[in-house]
Amino acid sequence: MKTCLIVVNAYKRESAEIGGRIVSFLESRNVSAETLRFPQQEHGEPGANPFRGADFAVTLGGDGTVLYAARCCAPLGIPVFPVNLGEFGFIASVQKHEWRERLAEFLDGSAACAERGMAEAALVRGGETRCASNALNDIVVAAHTAAQMISLDIVCSGNSFGRFKADAVIVSTATGSTAYQAAAGGPIIDPALDALVLTPVCAFSLSSRPLVLPGESVLDIAVADSRTVGASLIADGRTLSDTLPGDHIVVRKSAHRVKIAGSTGAAFYAALRSKMNWAGGPVA
């Protein structure tokens with residue numbers, strides 16, 4: 001590996017300082033490195049991918065920084081080395097005090113590097129795809145205004161699930177099961193599993209429960225007419241588009257997978273214990 005793009009989170013004060021040390025370390029290993037400020041430089045030119053030409057990426061921030069890098073790196077097959085400067089670190093599992101040792105292992109080829117599945121969403125209006133995006137965590141169709149319901153007709157691989165009346169619905173990957181989906185009361189899924197999770201948010205029905213679906217499922221979410229509020233299509237926390245009644249959001253497993261260094265089962269369950277206080281018992 002000869003070239004690296006380092007993503008520096010502009011909201012993390014120590015990110016730039018650690019980034020400078022990583023640049024020096026990589027140069028000592030004959031690896032050239034450039035830095036990219038996130039989120040200020042996230043958008044850039046339409047269609048441009050700033051990671052093109054890099055052999056790998058280093059992210060300095062929380063899981064949100066990794067989500068941005070993953071969306072860009074997955075189509076290019078570029079691995080991501082995530083240093084956690086955030087609160088949870090379910091995806092960014094390399095801690096800041098150990099980056100040097102772990103990065104050396106990564107460059108030597110001895111570090112664990114797991115592949116994570118992604119979801120893909122497309123907004124279809126009048127038979128035409130208006131926008132599309134990959135997401136590592138989740139796809140959300142949500143009401144514009146909090147505490148107001150939208151109506152969504154959901155079909156999964158040809159099977160009608162009926163009409164959902166809720167504040168939102170979340171379609172998460174296994175990786176995203178510890179994010180918004182978990183806060184909405186959905187199940188935690190081991191990220192090694194190939195699955196999608198459909199979770200209604202504040203549904204107006206006691207029978208609306210989260211559903212764990214096969215990874216090959218294709219969800220067609222049709223936006224029904226609402227008298228009071230519109231809805232938005234959101235991917236990994238970014239609003240892609242407002243929707244109109246009659247729009248269809250088609251969600252399926254993405255053709256792309258992202259390679260993430262240090263993303264092991266042990267790191268995942270350690271994060272559950274240390275970050276979410278999951279212990280398995282009152283004195284565990």
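Okay, here's what the table says:
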| item | result |
| --- | --- |
| Extension gain (nm, one decimal) between residue 95 and residue 239, 0.36 nm per residue minus Cα-Cα | 48.9 nm |
| Which listed pairs, of 96/275; 253/275; 12/259, have C-alpha distances above 21 Å, in listed order | 253/275; 12/259 |
| For residue 62, distant residues with modelled amide H under 5 Å away | 85, 86 |
| Residue list for the stretch 170-205, given a label point 7 angstrom along the Cα-to-Cβ vector of residue 115 and an amide N cut-off under 16 Å | 174-175, 191-195 |
| Kyte-Doolittle mean at least -0.5 and Cα axial length at least 24 Å: DSSP H helices in the chain | 13-28 |
| For the stretch 118-256, Kirkwood radius (reciprocal of mean inverse C-alpha pair distance, Å) | 14.5 Å |
| The stretch 245-279-the stretch 156-223 distance, computed between alpha-carbon centres (Å) | 14 Å |
| Label point distance in nm, residue 190-residue 165, each placed 7 Å from Cα along Cα→Cβ | 4.0 nm |
| Cubic angstrom per residue, convex hull over Cα atoms of the stretch 144-184 | 86 Å³ |
| Cα-centre dipole for the chain with unit charges at Cβ (Lys and Arg positive, Asp and Glu negative), debye to 20 | 240 debye |
| Phi to ³J(HN,Hα) by Karplus 6.51 cos²θ - 1.76 cosθ + 1.60 over the stretch 151-162, Hz, x for Gly, Pro | 10, 9, 9, 10, 10, 10, 6, x, 9, 6, 9, x |
| Gain on full stretching of the segment that runs from residue 125 to residue 206 - 0.36 nm per residue minus C-alpha separation | 26.0 nm |
| CD proxy at 222 nm, helix term only [per DSSP H run n ≥ 4: -39500 (n - 2.57); per residue of the chain; nearest 500] | -5500 deg cm²/dmol |
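Where a number appears in this text, it was derived from the coordinates with a stated rule and is not lab data. Just so we're clear, the structure is a prediction, and the values are computed from it rather than from any experiment. Here the Cβ is made from the backbone with ideal geometry for all residues, glycine too, and neighbour counts use every protein chain on show.
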